[in-house]
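Everything on this sheet refers to the single structure shown next.
What follows draws every value from the coordinates through simple rules; no lab data is involved. Source: prediction; values computed, not measured. Heads up, the Cβs are rebuilt from the backbone with ideal geometry, glycines too, and the neighbour counts pull from every protein chain shown.
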Amino acid sequence: MIRCSARIGVLVGLVIATGLATAAGAAQTLTLALTPSQSPTALQQVGDEFGAILSKLLKMPVKVYVASDYAAVIEALRSRNADLAFLHTVGYVLANQEAKATLLAKDIWHGKTSYTSRIYVRKASGFKALEDLRGKTIAFVDPTSSSGYIYPMVLLIEKGFVKNRDPKTFFKEALFAGSHDAALLALLNGSVDAAASFDFAREQYLQDKERIEALTWVAETPPIPEAGIAVRQGLEPALAKRIFDALMALNAPEYKQLLARLYSIDGFTEPGPDSEFNVVRAALREGILKR
């Protein structure tokens, strides 16, 4: 699952530069942009492996790159510099709104097609409820992060803690850590009192049992729909179908370890109704998410 992270920026899109053989026989390239929700270097390495296998399945060249930030992915889709992109929930809504991108395949993550956001604290802090965080500090992930900002902000506003869409009306200080692992590490080392991230963030990024057990949470949001791989507007339907079939082929057992290293996903499935993203669209309308 693509967890949004980054002051690094806005969604990176798995881009796959589209290509069919030209009259001269030369093939164009599908470009695949990746969201920078974890170490860009490690993500590029596994992205290259993913691109090589996708290229083999599609029988056409596939280039994979990690975008500079989340916004760069959406712009790549809009400008058609990217044909496909791996998008998190908010990233997909923005790409759909601004670039007319559509969801081709949804991620399966920990056996589910949805997740939640949690507000984490250190167990040793003694914090038990959201009210305990009044006047404290929090690390969010990125202004466009689904689980690292948008959904926890909706929760805080609905419960009456945050006023005027400004987290500083409740917290003493609110910062953007740039990635989920950075937010959790800031919490662990005591730089902040709380951190917002997704429900399996501790297990995915901390790994060490002692560090995982050092954190707990004081609030959890309703389910957030998974996004996945979106295609740019105007991509040939026949090519989109070929890509979808190739992604379904990646659900085979031999690719499980690769997908686990790429955003920790289990596989892909058909997308559900687009209306399931209306909560995010409402957050846009209410100004929680600004563009």
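Here are the numbers for the structure shown:
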| read-out | value |
| --- | --- |
| Residue (of Val121, Phe171, Val218) at the positive-pole extreme of segment 117-222, dipole from beta-carbon charges | Phe171 |
| Cα-based reach from Lys63 at 15 Å (exclusive), listing aspartates and glutamates while leaving out same-chain residues under 8 positions away | Asp48, Glu49, Asp83 |
| Segments 85-95, 182-192, 201-211 sorted - mean Cβ within 10 Å per residue, highest first | 85-95, 182-192, 201-211 |
| Gaussian network model of the chain, springs between alpha carbon atoms under 10 Å - residue of Ala124, Ala246, Ala99 with greatest fluctuation | Ala124 |
| Shape parameters for segment 107-233, alpha-carbon atoms, Rg then Dmax in Å | 14.3, 50 |
| For segment 51-178, size of Cβ-based charge dipole, Lys and Arg +1, Asp and Glu -1, in debye | 300 debye |
| Lysine pairs meeting the criterion (Cα under 25 Å, 8 or more apart or interchain), as found in segment 117-222 | 18 |
| Among (i) 37, 21, 17; (ii) 34, 19, 15; (iii) 37, 27, 18, the entry that matches semi-axes √(5λ) of the Cα gyration tensor in Å as calculated here | (ii) |
| Sequence-separation-based contact order of the chain, relative, with Cα cut under 8 Å and 6+ spacing, percent | 25 percent |
| Hypothetical label at Thr269: residues of segment 223-245 whose amide nitrogen lies under 16 Å (7 Å Cα-Cβ projection) | 223-229 |
